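Down below is the structure, laid out as structure tokens.
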Amino acid sequence: MEDNRHFTKNLFISFLIVFIFMVFWQMYVGKNVNRTRSGGSDTMQVYEGRNEVSPKVRRNAFLKETDSLTAIDTLWNTELAALHSAEFDVKIAKLGTYYDVYLKKYKTHLLDTSFVRFFFTGYEGYTSKDSVISVKNGTRVVFVSRDTLKIKSFTYKPDSYLVDFAYENREDSSVSVEFYGDLYLNPHSIKEEKRLYEFVVKTNKNYKKFSVNKLLKKQRAYEYPLKDIEFVGLKNKYFMFVVVNNNHEDGRLIFGIKSGKPYFKITENKNNAHFLVYHGPIEYFLLKKIGYGLFANYDFGGALIAPFSMAMLYIFKFLHSFVPNWGWTIVLFALLMKIVFFPLTYKGLASMRKMQRLKPEIDKLQKIYKNDPQKLQKEMMELYKKHGVNPFSGCITLVIQLPIFWALYRILRMTIDLRGAEFIWWIKDLSAKDPYYILPILMGITSIVQAKLQQTGTQDGQAKLFTYFMPVFLVIIFISLPSGIVLYWFAYNLFSVFETLLIKRLEVS
């Protein structure tokens, strides 16, 4: 019995270590989603795509095409017009460039307003002196050059965070849309924000992410044929700025780093272009409704964990439709988890009690077959079978719950619904850590109480160490995690305490 109890304990520790490793890997290491290839030049440019462009031909193309950006420094941030909707306010400068997007619901700026440019080329025709500007109820802005050879328009699409971005230049046979600058990163969680700051590219075949931090270090650029691209843009933890390719095929996409800033450029080989621009939250159900494959930006995890993560998200949304406070939604979910797993937990604890009663017989077998481990194992299994004991029953719940815990960690950490969501009293933001560390400490206390309630017989030194060391270790790990995750674990522990007391009472009766 003692060996099997130690086996269960060690298995639990192993799973806990794996879980913690996965948390740290996700938080501090991340995944190298796309492996880059060196272009073999001093500028370290890399060009990728199904029809790859030779680095020898395009060696300096990226730098030459972006040098012209410096010519508009004095005009890019002078407000001339604006788009207004229930979701956002967009400020447009004299050159017909975006320079600010304010998301009303989330009370945040999407772009780093200190330096951002988003525009169609041909900007030289859009100063206040030589262009005619039309603004319609804050939902449509049109720039028309006085010679009528250049027309640029922005049209807001209601309830979607989408803007229809169109341009015609009758003087040229090609047009381009360019982004140069940064998304806004929250200074209160800047390390995680930078780690999750990425270029996103959806091709006809797959979805790729490129860490901005890594590109800043390597100064690499990538190129794809436009016919292969569905969308391209930038995303941080909760928001994204993405340009959707609206059936354009004859052109190319270049993206990378220019003068220390993220940059991408889409060129269409004709004199007009029409793109959709999404600037808003990474909210799965909203993106699913909008379409264009944008929901791919919601990261459910790898192939093994994604089905669990998606199920968790749907369950949370369902519960939230009845419980408006996200904190109580998390508590309710923890209660449901205890109810669902109660039969397995009850069976596991009952099996542990039976093994405790069999301890004298197990001790006898260990003395008799102390020099024959194989025979000892066989006799012990026969004894378990005779008394209907499963020595591994205590591990079954752990095995089943591990992918659920990991999926839950991803959802509680990434879902934008928890951003700024209050719970009670001192918890003002479930996506941020507990400012007073009360929840992690309560979680540690309930872990100790739960371990003591599940003790069977006299504890040895290892068991006592496990009882106190693991809760303290968990507190250290969870102290900096979002309070929504810690709230779930605390609520789960609290319900486990009541569950154990209930099972003991059922056994007595």
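Check which residues have an amide H placed less than 5 Å from ASN245's amide H, if you skip close sequence neighbours. Those qualifying (amide H under 5 Å, at least 5 residues apart or on another chain) are PHE231, VAL232. Just so you know, the Rg over Rh for the stretch 252-311 is 1.10, from Cα atoms, with Rh as the Kirkwood radius.
Global size of the stretch 258-405: 27.5, 91 Å for Rg and Dmax (C-alpha atoms, Rg to one decimal, Dmax whole).
Charge dipole (Cα centre; +1 on Lys/Arg Cβ, -1 on Asp/Glu Cβ; no other charges) of the stretch 270-355 amounts to roughly 340 debye.
Each of the peptides 373-379, 312-318 was scored by the mean count of other Cβ atoms within 10 Å over its residues; in descending order, highest first, they stand as 312-318, 373-379. Computed about the Cα centre, the dipole magnitude for the stretch 213-277 is approximately 580 debye when only Lys and Arg (+1) and Asp and Glu (-1) carry charge, each at its Cβ.
Sequentially through the stretch 469-474, phi angles give Karplus couplings (6.51, -1.76, 1.60; θ = phi - 60°) of 5, 5, x, 5, 4, 4 Hz, Gly and Pro residues having no value and appearing as x. Cβ-to-Cβ counts within 10 Å put ASP434, ASP372 in ascending order as ASP372, ASP434, the fewest first. For THR108, the residues 5 or more places off, or on other chains, whose built amide H falls under 5 Å of its own are LEU103. Filter the cross-link list LYS194/LYS265; LYS105/LYS218; LYS261/LYS428; LYS375/LYS452; LYS152/LYS218 down to pairs whose alpha-carbon distance in this structure exceeds 29 Å. Beyond 29 Å between Cα atoms: LYS105/LYS218; LYS261/LYS428; LYS375/LYS452; LYS152/LYS218.
Dipole orientation for the stretch 292-392: of the candidates ALA311, SER321, MET381, MET381 has the Cα lying most toward the positive pole (charges on Cβ; Lys, Arg +1; Asp, Glu -1).
Only the coordinates and a few stated rules stand behind these numbers; no lab work does. Nothing here was measured: the structure is a model prediction, and the numbers come from that model. Every residue, glycine as well, gets a Cβ built from its backbone with ideal geometry; the counts of neighbours run over all protein chains shown.
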